[in-house]
Amino acid sequence: MNKIEGYTREEWIRKTFPEWGTWLNEEIEAENVKSDTVAMWWLGCTGIWFKTPLANITVDLWTGNGKRTHGNGKMAVGHQMANMSGARKMQPNLRAVPFVIDPYAINQIDAVLATHYHHDHMSEELAAHVVNDGLMTTNNNGEKIPVPFIGPKKSVETWISWGVPEDRCRIVKPGDTLQIKDIEIVVLQSFDRTCLVTTDSVGEDREELAGKCPNDMDEKAVNYLLKTPGGNIYHSGDSHYSIYYAMHGKKHKIDVAFGSYGENPVGIQDKMTSVDVLRMAEALRCKVVIPIHYDVWTNFQADPLEIQWLWKYRKNVLDYKFHPFIWAVGGKYVYPTDQAKQIYHYPRGFDDCFEAPQNIPFTSLL
């Protein structure tokens, strides 16, 4: 049989993409979350899957790409980083990590959340699957309802523009609280200043921002505090460092905090640095801080071990009460079970070695 005859590019893509297939979908479905714990999986960028004994929710699940061609070599003149810096050369932001989850293979989800409307924090594919395949959940009265989409005004406008029914969407703003089964979601202020230089158009007709008072952050971006049976998890979206973290830390008990970390190119301020991440954790009074977002864009590549090295240098001097946890995309973190861990390693397997007969010529071969 000629195996390569008729083999096509489409066949290759079908067999290899998404790179992890449904491995992670199956793992999440099979996870039996113990009482008084919460399980989390990093889906890439700032996408996190949260699973409690009763609920499955996602925040910022995204399944898209960065640059895939050099095109004309130019950045859209109204792109937020073009607005920020005046740069015109194409941003070389290629996706650096694999797709670890298949959005079309999700069978159970109770809510889809977004912190803001930038394209790497929302998924058309997930929205299409949830809506077109009729995914349902139950409300607090036990009644079956369509899975809701929850986010700030601009995120909801984006979902609706994609075709998500308006009655499936809920606009939230700081100060709001809502209950999804055994998770209470507290909506907090965002500090994503890149959102403030984001215009509705990225073309020549973009809004002129010079001399104008910044528009309302609360309509563009929010942070979330998820109060779960296992602990309180703070998701900061794409927020920069802000002294208001101290206010959030005083007002709320926070166990785990996620912060968007990266090495900013010269002329750009879009991610927190290692110092910023530690300052955020100290201000939030959390127990564990987890850097995210540094994984996905090639041009914002950063080493999270820098955070750990700096933490070791400063922890005794500044009397830190927290420690960083260096995660890996696709990895699972259970709180508080894994609270003491500082670096993730994928499961190594072979724990059943020598439990079945070997097939070797003789023992000394090994």
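Quick rundown of the values:
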| read-out | value |
| --- | --- |
| Lysine pairs with alpha-carbon atoms under 22 Å apart, region 228-366, spacing 8 or more or separate chains | 21 |
| Rg and Dmax [Cα atoms of region 1-47; Å; Rg one decimal, Dmax integer] | 17.5, 56 |
| Restricting region 1-80 to GluC sites (Glu not before Pro) in coil, as DSSP defines it, with at most 12 other Cβ within 10 Å | Glu5, Glu19 |
| Formal net charge of residues neighbouring Glu29 (Cβ-Cβ distance under 15 Å; K, R +1; D, E -1) | -3 |
| Ranking by accessible area, most exposed first, for Arg193, Arg348 with a 1.4 Å probe | Arg348, Arg193 |
| Accessible area, probe 1.4 Å, largest first, for residues Arg285, Arg168 | Arg285, Arg168 |
| GluC sites (Glu not before Pro) restricted to DSSP loop in region 129-190 with at most 13 other C-beta within 10 Å | Glu143 |
| Tyr244 accessible area, 1.4 Å probe, all protein chains in place, Å² to nearest 10 | 110 Å² |
| Rounded to the nearest 10 Å², the accessible area of Leu43 at probe 1.4 Å | 10 Å² |
| Whole-number accessible area per residue in Å² for region 231-366, which is evaluated in the context of all protein chains at 1.4 Å | 53 Å² |
| Region 1-155 shape via C-alpha gyration tensor axes, a/c threshold 1.5 | oblate |
| Theoretical ellipticity at 222 nm over the chain - DSSP helices of four or more residues, -39500 (n - 2.57) apiece, nearest 500 | -5500 deg cm²/dmol |
| Heavy-atom surface of region 36-85, accessible at 1.4 Å and reported per residue (Å²) | 34 Å² |
| Relative contact order for the chain, counting Cα pairs under 8 Å that sit 6 or more residues apart, in percent | 17 percent |
| Spatially proximal lysines relative to Lys3 (Cα-Cα < 25 Å; intrachain offsets below 8 disregarded) | Lys15 |
| Test item: Cα-centred dipole of the chain, Lys/Arg +1 and Asp/Glu -1 on Cβ, debye | 1020 debye |
| Sum of side-chain charges, Gly267 neighbourhood, beta-carbon under 14 Å (Lys, Arg +1; Asp, Glu -1) | +1 |
| Efficiency of FRET from Cβ geometry, Trp20 and Lys321, R₀ 45 Å, rounded to 0.05 | 0.80 |
| Radius, Kirkwood style, for region 1-88 when every pair of distinct Cα atoms is counted (Å) | 17.4 Å |
| Computed E for Ser364/Leu310 - FRET, C-beta separation, R0 45 angstrom, nearest 0.05 | 0.35 |
| The chain - percent of accessible surface contributed by carbon and sulfur, probe 1.4 Å | 53 percent |
| Longest to shortest principal axis, alpha-carbon extents of the chain, angstrom | 80, 59, 50 |
| Intensity falloff of region 99-154 expressed as log10 I(q)/I(0), Debye formula with alpha-carbon point scatterers, at q = 0.22 Å⁻¹ | -0.92 |
| Region 1-89, relative contact order [Cα under 8 Å, separation at least 6], % | 14 percent |
| Accessible area per residue in Å² at 1.4 Å probe, computed on region 95-161 | 38 Å² |
| Probe 1.4 Å - accessible area at Lys34, Å² to nearest ten | 150 Å² |
| Debye log10 I(q)/I(0) for region 183-265, one point scatterer per Cα, at q = 0.19 Å⁻¹ | -0.89 |
| Net +/- balance of residues flanking Ala127 in space, Cβ distance below 12 Å, scoring K and R +1, D and E -1 | -2 |
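The values are calculated or read from the model by the stated rules, or taken from the named source; none is laboratory data. This structure is a prediction, so every number in the text was calculated from the model and none was measured. Using ideal geometry, Cβ is built from the backbone for each residue, glycine included, and neighbour counts are taken over all protein chains shown. We work out accessible area using only protein heavy atoms, side chains counted, and drop any ligands, DNA or RNA first. Shrake-Rupley method; radii C 1.70, N 1.55, O 1.52, S 1.80 Å.
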